[in-house]
Amino acid sequence: MKLKYELIHKDKNGNARYGILHTLHGSYETPIFMPVGTQATVKMLTPEELKNCKCGIILANTYHLWLRPGEDIINKHGGLHQFMNYDGPILTDSGGFQVFSLSNIRDIMEEGVSFKSHLDGSTLFLSPEKSINIQNKLNADIIMSFDECPPYPVSYEYMKESVERTLRWAQRGKEVHQNDKQAIFGIVQGGEFADLRKYSAIETVKLDFDGYSIGGVSVGEDHITKYKMIDYAVPYLPEDKPRYLMGVGDPVDIIEAVIRGIDMFDCVLPTRLARHGNALTNYGRINLKNAKYKDDLNPIEPDCDCYTCQNYTKSYIRHLINVNETLGGRLLSIHNIRFLTHLMEEIRTQIKNNNLLTFKEEFINKQKGENNNEMS
């Protein structure tokens, strides 16, 4: 068994689902947040610290690991688990998002995408077959189909052509997938267009992937449009397989997506915010660079059980950030990741109690507290 989704309970007041995702590296409750470890590491944190933050699945990035150190070196270690010393489940993305976000010069063709390396400007080519081949060697538990992630907004005509091409790429990638220990997910695209999202979902499901992702979100659209993109796709995804919303880590967005039936999330948000001195809290984001925390002897959040809040004050963390000590970013990363994993614990409890809609309203009201929008 490489992957199995077990649906345990649905909130009676919506589409939120509580389940268990069984993998070769353990079983984990869903909905779940997955920290991003782009270069085979969640920035500045050890695997032990991730475990202490109650993390389960983590991500690694195919594009970056293909360039450095190369999939063959990782394969010589036995795969990513041994390479990075992480014994929990790992998911690798297809590399497609980076091709479209990091390269200003690219040529999309039926065979794949030709583009310039963001490292040295050399010409590179990535196809569905190449992406899957790299991911097979990286040996993560879950791998992603190679897709085009169009920007927002684009014309209906462009998006329709892109969706059709992504479906052809999905078929080609699935045909060359050779690692029977890896689950492979298809990706639903379609932008803001309801009929294209529906079409993409239905046709992707016909290819019979192990799970399904909703892509092309958090690419510049507003929140309402983002939620519509989810609503347009979810009704056409099977209930017995996991649903993954790619690139979403804002707490309110996570809750809204769970209500719509999403099981899995990933985002660089918690560690990126941390490196800029910002903390996620129940009362909104706070910027520890703010002078008002200079002599604040309290933890980031009194009720938080993370290592940072159990041992350090806002005053100390502010000092670290302001003198550019990397420990400040590490401590904030620990807190921010634990904040999101704890939020998922709360969400799962509320689903089981058929109370997620009420929890959402209470959470949003707290997020509008006096500390909100402090982030610089």
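The values are calculated or read from the model by the stated rules, or taken from the named source; none is laboratory data. If you're wondering where the values come from, they're calculated on a predicted model, not measured in any experiment. Cβ placement follows ideal geometry from the backbone for every residue including glycine, while neighbour counts extend to all protein chains displayed. When the accessible area is computed, the model is the full protein with side chains, heavy atoms only, and any ligands, DNA or RNA have been set aside. Shrake-Rupley method; radii C 1.70, N 1.55, O 1.52, S 1.80 Å.
A few remarks follow.
- In segment 85-135, the residues that are touching a helix residue (DSSP H, G or I) at 6+ places or on another chain (Cβ under 8 Å), of a type in the set (Asp, Glu) and in a loop (DSSP other than H, G, I, E, B): Asp87, Asp93, Glu110
- Among residues of segment 282-299, those that are in a loop (DSSP other than H, G, I, E, B) and open to solvent by less than 10 Å² (accessible area, probe 1.4 Å), counted: 2
- Just one residue in the set Phe33, Phe83 is closer than 27 Å to Gly329 by Cβ and open to solvent by 20 Å² or more (accessible area, probe 1.4 Å); that residue is Phe83.
- Looking across segment 136-154, not a single residue is open to solvent by less than 10 Å² (accessible area, probe 1.4 Å), of a type in the set (A, V, I, L, M), assigned to a loop (DSSP other than H, G, I, E, B) and under 24 Å from Ala201 (Cα atoms).
- Condition check for Tyr63: modelled with pLDDT of 95 or more, hydroxyl-bearing (Ser, Thr, Tyr) and not in a loop (DSSP other than H, G, I, E, B): yes
- Members of segment 226-236 found to be in contact (Cβ under 8 Å) with a residue 40 or more places away in the chain and either within 21 Å of Ile347 (Cα to Cα) or open to solvent by 10 Å² or more (accessible area, probe 1.4 Å) (or both), listed by number: Tyr232, Val234
- Qualifying helices (runs of 4 or more DSSP H) (wholly inside segment 303-361; at least 1 residues being open to solvent by 30 Å² or more (accessible area, probe 1.4 Å), at pLDDT 95 or above and over 16 Å from Gly277 (Cβ atoms)): 307-311, 326-352
- Close pairs from segment 278-306: first among the basic types (Lys, Arg), partner open to solvent by 20 Å² or more (accessible area, probe 1.4 Å) and in a loop (DSSP other than H, G, I, E, B), Cβ under 9 Å, at least 6 apart: Arg285/Asn371; Arg285/Asn372; Arg285/Asn373; Arg285/Glu374; Arg285/Met375; Lys289/His276; Lys289/Ser376
- Which numbered condition Val219 fails, given (1) of a type outside the set (Asp, Glu); (2) surrounded by 17 or more Cβ atoms within 10 Å (Cβ to Cβ); (3) assigned to a loop (DSSP other than H, G, I, E, B); (4) at pLDDT 95 or above: (4)
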